[in-house]
Amino acid sequence: MLDDVSLTLHAGEAMLLTGPNGAGKSTLLRVLAGLRRPDSGTLLWDNTPIQEDRTTHAARVAYLGHQDALKPSLSVLENLHLFARAGGGSIPDALTAVDLLPLADLPARLLSAGQKRRAALARVLLAKAPLWLLDEPSLGLDANAIVLLGQAIAHHRAQGGVVIATTHVPLPLDDVRHLALPGAPPPVDRWWDEQGDEETRLLQTEAEEW
Ligand SMILES: Nc1ncnc2c1ncn2[C@@H]1O[C@H](COP(=O)(O)OP(=O)(O)OP(=O)(O)O)[C@@H](O)[C@H]1O
C-alpha cells in the first residue's frame, strides 16, 4: 500500500503529502509520528533511528489526526490542560492563535466541528514540539481559520520547526515541498499570497500504541 517512500526535511522546512483517498498519506504520517511501525525501512532523526528511543521521539512530535480527540464533558481550557507539557507553550496564547479564547470555558461537546478542529490545533501549538505532523489540518476550518493555520505554520517554521501535512486542498504555505503519493494529481498551486500574515501557531498529540 505504501512502498518506496523516501524524504528528508531540515529545520524550517514544510512538506505537503498529497494523493488520492487510500494512497497512504495518513499511514505515512503515523509512521513518522512513531505511532505505527513500518514494515521495512528506517526513520531517522539527526541520523539516529527513532526506534532507539521512542519516548524521545514522542516528545518531539505534535500529531494532529483526523479525530480531534477532545474530551466532550471538559471545557476547552480543561482539554488543553490535559495536554500541557513541561516546557510547552501558554494555553491562552494557543487559544488566541486559533481565535478560540472566547470559548475557553465551553464544554467541548458544544463546539462546532470547525471549533473542535481549532481546539485540536491549539493543542498542537501548546506542545511546542519541533515536528508537526498534521493530517488534513484544514478539515472543517473556515477561511479565517485557514489563514490562522497558515500563520501558525509559518511562525513554527521561522523558529526552526518542521511541518509535514496531508491535504486535499491548497494550504496557505510559502516555499513548501510536495510529495505526491502514487496516483496523486500534480501538487496544487498556492493561491493564498494575498492573505494577511499575522503571527500564530498550533499543535496536538495523540497517544496510541504501535
Ligand atoms: N491497519 C490497516 N490494515 C490494513 N489496511 C490498512 C490499515 N490501515 C490503513 N489501511 C489501508 O491503507 C490504505 C491507506 O490508508 P490511508 O488512511 O493512509 O490513506 P490516505 O491517503 O490517508 O487516504 P484519505 O485521503 O482517504 O485520508 C487504505 O487503503 C487503507 O484501507
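The values are calculated or read from the model by the stated rules, or taken from the named source; none is laboratory data. No experiment lies behind these values; they were computed from the predicted model shown. No Cβ is skipped: glycine too gets one built from the backbone with ideal geometry, and neighbour counts run over all protein chains shown.
Listed conditions (1) part of a loop (DSSP other than H, G, I, E, B); (2) surrounded by 15 or more Cβ atoms within 10 Å (Cβ to Cβ); (3) modelled with pLDDT of 90 or more are all met by THR205, apart from (3).
Filter the range 15-50 down to the residues that are touching a helix residue (DSSP H, G or I) at 6+ places or on another chain (Cβ under 6 Å), within 20 Å of GLY161 (Cβ to Cβ) and surrounded by 17 or more Cβ atoms within 10 Å (Cβ to Cβ) and list them by number.
If the condition is that a residue be touching a helix residue (DSSP H, G or I) at 6+ places or on another chain (Cβ under 6 Å), within 20 Å of GLY161 (Cβ to Cβ) and surrounded by 17 or more Cβ atoms within 10 Å (Cβ to Cβ), then LEU17, GLY34, ILE50 are the ones that fit.
The rows are residues; the columns are (1) of a type in the set (Val, Ile, Thr); (2) out of contact with any Lys or Arg (no Cβ under 8 Å at 6 or more places or on another chain); (3) over 17 Å from ALA127 (Cβ atoms).
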{"site": "THR8", "(1), (2), (3)": "yes, yes, yes"}
{"site": "THR18", "(1), (2), (3)": "yes, no, yes"}
{"site": "LEU43", "(1), (2), (3)": "no, yes, yes"}
{"site": "PRO49", "(1), (2), (3)": "no, yes, yes"}
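If we scan the range 3-11, do we find a residue that is under 18 Å from LEU181 (Cβ atoms) and surrounded by 17 or more Cβ atoms within 10 Å (Cβ to Cβ)? No. When the range 1-53 is filtered for residues that are free of Cβ contacts under 8 Å to residues at least 60 places away in the same chain, within 20 Å of LEU134 (Cβ to Cβ), part of a loop (DSSP other than H, G, I, E, B) and within 10 Å of the ligand (Cβ to nearest atom), the ones remaining, listed by number, are ASN21, GLY22. Would you mind stating whether ALA69 is exposed (fewer than 12 other Cβ atoms within 10 Å of the Cβ), in a loop (DSSP other than H, G, I, E, B) and either without any contact (Cβ under 8 Å) to a residue 60 or more places away in the chain or not basic (Lys, Arg) (or both)? No; evaluated as a whole, the condition is false for this residue.
ASP105 meets the conditions (1) in a loop (DSSP other than H, G, I, E, B); (2) in contact with a strand residue (DSSP E or B) (Cβ under 6 Å, 6 or more places away or on another chain); (3) within 16 Å of the ligand (Cβ to nearest atom) in every case but one. The failed one is (3).
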